[in-house]
Amino acid sequence: MKKGFLFLVFFLAFCALNAQNPFQSTATILDKTAKKYDQLSTFSLDFKIELSAMDNKIHSFIGKLWVKKEKYYLTFEDQIMANDGQICWNYQQTNNEVTLFDAEDDEFMMFHPTQILNNWSKDYSAKWIREEKLQQKTVILLDLTPKKKTSFNTLRLFIDKETSYIQQIVMSDENGMSILYSITKFTLNTPISDEKFVFNKKVYPNVQISDMR
């Protein structure tokens with residue numbers, strides 16, 4: 001009887017500890033989501049961006065993203081941003097200008113869900129927030145706080161509980177600015193040529209090139 005009582009005490013204590021500190025399950029969720037994306041050869045998605053200041057929407061636009069492992073190509077408004085694994089480039093149609101960066105200096109990785117999740121435990125502190133309904137899906141809300149100073153304070157992920165894929169991302173800063181990144185269409189393993197990610201000067205006649213490498 002005494003051994004049974006002690007076992008019950010330790011069991012209840014273990015349950016209480018896990019209820020108070022869900023980090024282990026948070027890590028499991030993030031690792032599972034990262035693995036799901038990593039298993040894809042390619043994917044494409046349509047997205048909508050909403051920019052807000054102090055909860056007031058100030059601008060919105062739509063775009064499309066193609067991903068092949070670490071490479072990506074995205075279009076929105078009059079711009080193209082792409083990364084071929086070595087060079088990141090940003091083309092602006094309005095002034096027919098392209099800017100080239102080293103891939104490691106890419107500042108637009110928020111558009112690439114996989115890159116957010118790579119080595120997340122090294123770059124962020126994670127916190128489980130809650131579960132809620134989003135467009136008839138049950139999503140898990142997790143907050144990622146950068147360990148190093150960045151342009152945002154918090155990155156909130158809305159992860160589909162059933163599929164483990166990201167449905168929304170919200171980036172917030174200390175000044176009340178926020179960016180809502182909503183995925184409206186998600187297509188798995190779409191055939192994508194490597195040439196799509198590479199900047200080809202011949203495609204953009206008379207383009208002005210600013211090389212920041």
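Just so you know, all these numbers are worked out from the coordinates, no wet-lab data involved. Here the structure is a predicted model, which means the values were calculated and not measured. With ideal geometry, Cβ positions are generated from the backbone for all residues, glycine too; neighbour counts draw on all protein chains shown.
Values computed for the structure shown
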item	result
Exposure proxy order (Cβ contacts within 10 Å, fewest to most) of 31, 143	31, 143
Bins of 5 Å from zero: percent of alpha-carbon pairs in the stretch 102-213	2, 9, 16, 20, 16, 13, 12, 7, 4, 2, 0
Length gained when the stretch residue 130-residue 79 is fully extended (0.36 nm per residue, less Cα-Cα span)	14.8 nm
Estimated distance in nm for a label pair at residue 48 and residue 185, the labels positioned 7 Å out from Cα along Cα-to-Cβ	1.4
Distribution of pairwise C-alpha distances over the chain, 5 Å bins, in %	1, 6, 12, 16, 18, 16, 11, 7, 4, 3, 2, 2, 1, 1, 0, 0, 0, 0
Cα centre as origin, Lys/Arg/Asp/Glu Cβ charges: the stretch 103-196 dipole, Debye	440
Student exercise, the chain dipole from Lys, Arg, Asp, Glu Cβ charges, in Debye to nearest 20	1020
Folded to 0 to 90 degrees: helix 23-38 orientation relative to the chain principal axis, Cα	40
Dipole of the stretch 59-162, positive direction: furthest Cα of 90, 115, 145, with charges on the beta-carbon	145
